[in-house]
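J.: I have a structure here, written as structure tokens, and I will follow up with some questions on it.
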Amino acid sequence: MTCQHYQVTFTKQAQKDVSKLSPKLKDKLKGILRHKIAVVSEAGKALVGDLKGYYSVRLSYQDRIVYRIENGRCIVLVVRAKSHYGD
């Protein structure tokens with residue numbers, strides 16, 4: 001199955017992360033999801049180790065968007081949208 005655009009969904013943890021972001025970072029997140037990840041799902045950096053199969057895109061100096069791609073259903077599942085530092 002070939003996907004031209006992916007539907008973006010969030011885990012409960014990602015929803016909590018987004019709710020804690022500043023309005024400026026929320027807008028930036030929307031832009032990255034709409035214009036980068038939903039169009040070219042492998043746009044992020046492929047992760048390795050325990051997170052193999054996931055991708056990461058920098059949201060700010062400290063925050064990252066971590067997601068995986070479900071090609072069979074044309075879905076990008078956002079797993080985290082906040083810093084992993086100090087969690």
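Each value in this text was obtained by applying a stated rule to the coordinates, not by laboratory testing. All of these numbers come straight from a predicted model, not from anything done at the bench. FYI the Cβ positions are ideal-geometry reconstructions off the backbone, even for glycines, and counts take in every protein chain you see.
J.: Just for the chain, what percent of DSSP beta bridges are antiparallel, to the closest 5?
T.: Percentage antiparallel, nearest 5: 75.
J.: Next up: Would you calculate, for the chain, the mean residue ellipticity at 222 nm contributed by helices, counting each DSSP H stretch of 4 or more residues as -39,500 (n - 2.57) and dividing by all residues, to the nearest 500?
T.: On the way: 2 runs with 18 residues, N = 87.
Rounded to the nearest 500, the figure is -6000 deg cm²/dmol.
J.: Provide the per-residue ³J(HN,Hα) series for region 39-49, in order, calculated from phi with Karplus coefficients 6.51, -1.76, 1.60 and θ = phi - 60°, each as a whole number of Hz, with x at glycine and proline positions.
T.: These are the phi-based 3J(HN,Hα) values: 8, 10, 4, 8, 5, x, 7, 5, 8, 10, x Hz.
J.: Which cross-chain or sequence-distant (5 or more) residues have an amide H under 5 Å from the amide H of Tyr54, H modelled 1.01 Å from N in plane?
T.: Leu47
J.: Next question. Fully extended, how many nm does the chain gain between Arg58 and Ile75 (0.36 nm per residue separation, minus their Cα-Cα distance)?
T.: Stretched out fully, the Arg58 to Ile75 stretch lengthens by 4.1 nm.
J.: Calculate the spin-label point distance for Lys30 paired with His5, positioning each point 7 Å from the Cα along the beta-carbon direction, and give it in nanometres.
T.: 1.5 nm
J.: Right, another one. Please label the shape of region 32-87 as rounded, prolate or oblate, based on the square roots a ≥ b ≥ c of the eigenvalues of the alpha-carbon gyration tensor (a/c under 1.5 means rounded; beyond that, a/b larger than b/c means prolate, else oblate). Could you put the intermediate results ahead of the total?
T.: Working: a/c = 2.06, a/b = 1.38, b/c = 1.49.
Oblate, since a/c reaches 1.5 and b/c is not below a/b.
J.: Looking at Ser56, Ala43, Gln13, which one has the Cα that reaches farthest to the positive end of the dipole of the chain (charges on Cβ: Lys, Arg +1; Asp, Glu -1)?
T.: Farthest towards the positive pole: Gln13.
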